[in-house]
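Q: Could you have a look at this structure, given as structure tokens, before my questions?
The values are calculated or read from the model by the stated rules, or taken from the named source; none is laboratory data. Just so you know, these numbers come straight off a predicted model, no measurement behind them. Positions of Cβ are backbone-derived with ideal geometry, glycine not excepted, and every protein chain shown enters the neighbour counts. Heavy atoms of the whole protein, side chains included, go into the accessibility calculation; ligands, DNA and RNA do not. Shrake-Rupley method; radii C 1.70, N 1.55, O 1.52, S 1.80 Å.
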Protein chains: 2
Amino acid sequence: MTVSIVGAGPGDPGLITVKALQLVRDCEVLVYDRLVATELVAQAVGAARISRDGLNQEEVNELLVHHGRRGRRVVRLKGGDPFIFGRGAEEAEALAAAGISYEVVPGVSTLTAVPALAGIPLTSRDVAAQVTVLTGTNADGTELDYDRLAGTPGTLVIFMGLRRLEHIADELILAGRPVGEGAAVISRLSLPDAEVRTATLGTIARAAEGLRSPAVVVIGDVVHALRLREVLAA
Amino acid sequence: MTVSIVGAGPGDPGLITVKALQLVRDCEVLVYDRLVATELVAQAVGAARISRDGLNQEEVNELLVHHGRRGRRVVRLKGGDPFIFGRGAEEAEALAAAGISYEVVPGVSTLTAVPALAGIPLTSRDVAAQVTVLTGTNADGTELDYDRLAGTPGTLVIFMGLRRLEHIADELILAGRPVGEGAAVISRLSLPDAEVRTATLGTIARAAEGLRSPAVVVIGDVVHALRLREVLAA
């Protein structure tokens, strides 16, 4: 295996997997996301460490192919999980197209870390039987289908939705989602400066003012249902 | 912190987090799920190791409260992630109600591991912008809302759906989901005997015959779209 596409977890360096940490320690080339903890980058002792910052996706792909072709042990270390909106698939495809062997090592997704660390269960036997996960903007730049989302039962989890939160909340309410439904924004999950704010769909945009990225938005009555949040935050 | 509710990851012992492994090694009481790797259970050297097998949820809760109340370092080690249909919330609530301090350590969910290990991206810029996650049976025993699910855009991921797969597929088709839509069952993900079978919604029940639990069902054209599966399986 020359290239490993690896999830680093949501931010806390302790939330990387054992397998992923071993790969980072043994690699010769590390290509890492801006949001990956510096403690993890530092584990790649002796490796060429390349920040992905300032490179576009095409350039990242080329970098992986370049070093992979030379048979180097390359780790592509990504925040969260590589495939949950992580664009790991594009990198995998570029490697496959170039005939370079690779593996994918899953990580703790921000999605998974929301209930554990913000105390908001995404599903609950009483309140929500399903969860739908999406990004705040469609890849092609078109609007989300708010009518459908308003009619989608259960919890909505929106990645990369903080910047457009006021618009998203307005459109969901216009499309019929209850203005009093629970809503939360979790900023910088698992990091020391993590912050959780809860409100209703009608007030969440104001409540979230000043929060920093990365952030994930949760819409649904699970936000209030179990009161686990207060317990966990204590 | 006396009780830690910890995700062990999808099966491969290397997919536990660094933090979780440390907690397992340091604990005095380990309460573990049947599906957790024996290699991980063996790491709790010197701890009382209690299988959850044969206990009902109420009994598990009582066990955690009992040892937590005595101030022991307890680890509740659960397959996958504790909160993605893992009923970790019920255990957390029982501890909170008893006034016992606890923490939750998220794990790599089976959900996250599907794309990485089975080569099926759950979302794709071209094919599916969102993913909806549910279980094959509602907690209250009622039928799923197939009409709504048929109209839900993007990918469906169904946990604990293997046993009722024929029924679920039939109902989805009756409700209007295309018979030719991609479908996959991933059995024993991340374990040495993992198996992935892909078909269409119309043929998946037959294709999945003989597969063992735990299994996760993916419905959507992402199953075929990127052909990553063949690449990764190679």
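Q: Name the one entry in A:P115, A:P214, A:P192, A:P153 that is closer than 23 Å to A:I16 by Cα and within 11 Å of chain B (Cβ to nearest Cβ).
A: Values: A:P214 fails: within 11 Å of chain B (Cβ to nearest Cβ); A:P192 fails: within 11 Å of chain B (Cβ to nearest Cβ); A:P153 fails: closer than 23 Å to A:I16 by Cα.
Residue meeting the stated conditions: A:P115.
Q: Okay, moving on. Given the conditions (1) over 15 Å from the mean Cα position of the chain (by Cα); (2) on the phi > 0 side of the Ramachandran plot, and given that A:R164 satisfies all but one, which numbered condition is not satisfied?
A: Unmet condition: (2).
Q: Still on this model: With the condition kept exactly as written, say whether any residue in the stretch B:40-57 is more than 30 Å from B:G161 (Cα to Cα) and touching a residue at least 60 places away in the same chain (Cβ under 8 Å).
A: Scanning the stretch B:40-57 turns up no residue that is more than 30 Å from B:G161 (Cα to Cα) and touching a residue at least 60 places away in the same chain (Cβ under 8 Å).
Q: With the stretch B:70-186 as the region, which strands (runs of 3 or more DSSP E) entirely inside it contain at least 2 residues that are open to solvent by 10 Å² or more (accessible area, probe 1.4 Å)?
A: Those strands (runs of 3 or more DSSP E) span B:102-105, B:130-135.
Q: Any residue in the stretch B:67-78 that is touching a Cys at 6+ places or on another chain (Cβ under 7 Å) and closer than 30 Å to B:T137 by Cα?
A: Going through the stretch B:67-78, the residues touching a Cys at 6+ places or on another chain (Cβ under 7 Å) turn out to be B:73-75.
Within this subset, residues satisfying the condition of being closer than 30 Å to B:T137 by Cα are B:75.
Within the stretch B:67-78, one or more residues are touching a Cys at 6+ places or on another chain (Cβ under 7 Å) and closer than 30 Å to B:T137 by Cα.
Q: Could you tell me which residue of the stretch B:2-45 is surrounded by the fewest Cβ atoms within 10 Å (Cβ to Cβ), considering only residues that are among the charged types (D, E, K, R) and not in a helix (DSSP H, G or I)?
A: B:R34
Q: Another one. May I ask you to verify whether A:E230 is more than 26 Å from B:T135 (Cα to Cα), over 14 Å from the mean Cα position of the chain (by Cα) and at pLDDT below 90? Walk me through it before giving the result.
A: On the way: more than 26 Å from B:T135 (Cα to Cα): yes; over 14 Å from the mean Cα position of the chain (by Cα): yes; at pLDDT below 90: yes.
Judged against the criteria, A:E230 is a match.
Q: Ok, one more. Mind listing whichever residues of the stretch B:50-69 are of a type outside the set (A, V, I, L, M, F, W, C) and crowded, with 17+ Cβ neighbours inside 10 Å? Steps first, answer last, please.
A: Within the stretch B:50-69, the subset of a type outside the set (A, V, I, L, M, F, W, C) is B:51-54, B:56-59, B:61-62, B:66-69.
Hits for the stretch B:50-69 are B:R52, B:N61, B:H67, B:G68.
Q: Please work out which residue is farthest from the other protein chains (Cβ to nearest Cβ), limiting yourself to the stretch A:1-39 and to residues that are of a type in the set (S, T, N, Q) and touching a residue at least 12 places away in the same chain (Cβ under 8 Å). First the steps, then the outcome.
A: Taking the stretch A:1-39 first, the residues of a type in the set (S, T, N, Q) are A:2, A:4, A:17, A:22, A:38.
From what is left, the residues that are touching a residue at least 12 places away in the same chain (Cβ under 8 Å) are A:2, A:4, A:17.
Details: A:T2: 14, A:S4: 11, A:T17: 5 Å.
Among those that are of a type in the set (S, T, N, Q) and touching a residue at least 12 places away in the same chain (Cβ under 8 Å), it is A:T2.
Q: May I ask you to verify whether A:E209 is open to solvent by 60 Å² or more (accessible area, probe 1.4 Å) and either out of contact with any Ser or Thr (no Cβ under 8 Å at 6 or more places or on another chain) or not in a loop (DSSP other than H, G, I, E, B) (or both)? Spell out how you get there, then give the answer.
A: Numbers: open to solvent by 60 Å² or more (accessible area, probe 1.4 Å): yes; either out of contact with any Ser or Thr (no Cβ under 8 Å at 6 or more places or on another chain) or not in a loop (DSSP other than H, G, I, E, B) (or both): yes.
Taking the combined requirement at face value, the residue satisfies it.
Q: Could you please find all residues in the stretch B:176-193 being over 13 Å from B:I120 (Cβ atoms) and under 21 Å from the mean Cα position of the chain (by Cα)? It would help to see each step written out before you state the result.
A: Start the filter on the stretch B:176-193 by keeping residues that are over 13 Å from B:I120 (Cβ atoms), which leaves B:176-181, B:187-188, B:190-193.
Residues satisfying the conditions are B:S187, B:R188, B:S190, B:L191, B:P192, B:D193.
Q: Take the residues in the stretch B:75-95 that are within 23 Å of B:A48 (Cα to Cα) and at the interface with chain A (Cβ under 7 Å from one of its Cβ atoms); name whichever of them is farthest from the chain's Cα centre (by Cα). Give the derivation first.
A: To start, the set of residues in the stretch B:75-95 that are within 23 Å of B:A48 (Cα to Cα) comprises B:75-82, B:86-88, B:90-92, B:94-95.
From what is left, the residues that are at the interface with chain A (Cβ under 7 Å from one of its Cβ atoms) are B:81-82, B:92.
On the way: B:D81: 7, B:P82: 9, B:A92: 18 Å.
Filtering the stretch B:75-95 for residues that are within 23 Å of B:A48 (Cα to Cα) and at the interface with chain A (Cβ under 7 Å from one of its Cβ atoms), the one farthest from the chain's Cα centre (by Cα) comes out as B:A92.
Q: Look through the stretch A:1-51, keep the residues that are under 17 Å from the mean Cα position of the chain (by Cα) and β-branched (V, I, T), and return whichever of them is modelled with the lowest pLDDT.
A: Ranking the qualifying residues of the stretch A:1-51, first place goes to A:V36.
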